[in-house]
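**Q** The structure's right below; bear with me while I get my questions together.
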Amino acid sequence: MRINGAVCRQILHQITGRSPDLFRTTKRLHREGSVSMPGVNNEVERHARIRIRCQDVYGNMQTEDSDGLRAVCHQHEIEQLDGMFWIGRPSRLKRERLIKRFEKMSA
């Protein structure tokens, strides 16, 4: 499955929370990319089911269980909110190859 950052943002937009907590289960591999680096993607291990607990804009605690694409999108976007970009997950060698591929495609 290939995940697009724009789709993830649309899904996560429904929960506007601060400091979300993730409660995770088993992991699966997903092919992910980002609108920041179009055409470049890599397999990323993500939890198949998660529970998110966060505070909404009104100060109320919210909890949501999600699985499948929605769970993957939540994890992708929460990592970005925490300053972790998907390209930081692969090994240094793999990351350098992905960056070179992106630079070549962008030239």
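**Q** Could you please put ASP82, ASP67, ASP56 in sequence from largest to smallest accessible area, using a 1.4 Å probe?
**A** Ranked from most to least accessible, the order is ASP82, ASP67, ASP56.
**Q** If ligands, DNA and RNA are left out, what is the accessible area of MET61 with a 1.4 Å probe, given in Å² to the nearest 10?
**A** Probe radius 1.4 Å; accessible area of MET61 about 120 Å².
**Q** Please list the non-local residues whose amide H lies under 5 Å from the amide H of ARG28, H modeled 1.01 Å from N, same-chain partners needing a gap of 5 or more.
**A** Here the answer is ARG46, HIS47, ALA48, since their amide H atoms fall under 5 Å of that of ARG28.
**Q** What does the charge count near ALA107 come to, summing +1 for each Lys or Arg and -1 for each Asp or Glu among other residues with Cβ under 13 Å from its Cβ?
**A** Once positives and negatives cancel, what remains is +2.
**Q** If amide hydrogens are placed 1.01 Å from N in the peptide plane, which non-local residues have theirs closer than 5 Å to the one on GLN55?
**A** Excluding prolines and chain starts, which carry no amide H, the hits are ARG18, GLN62.
**Q** Ignoring everything but the protein chains, give the 1.4 Å probe accessible area of SER36 in square angstrom, nearest 10.
**A** 80
**Q** Each residue of the stretch 35-44 in order: what ³J(HN,Hα) in whole Hz does its phi give by Karplus 6.51 cos²θ - 1.76 cosθ + 1.60, θ = phi - 60°, with x for Gly and Pro?
**A** Couplings: 5, 6, 9, x, x, 10, 8, 7, 6, 10 Hz.
The values are calculated or read from the model by the stated rules, or taken from the named source; none is laboratory data. These numbers come from a predicted model, not from an experiment. Counting neighbours? That spans all protein chains shown, and the Cβs are built from the backbone with ideal geometry, glycine included. Areas reflect the complete protein model, heavy atoms only, side chains present, ligands, DNA and RNA absent. Shrake-Rupley method; radii C 1.70, N 1.55, O 1.52, S 1.80 Å.
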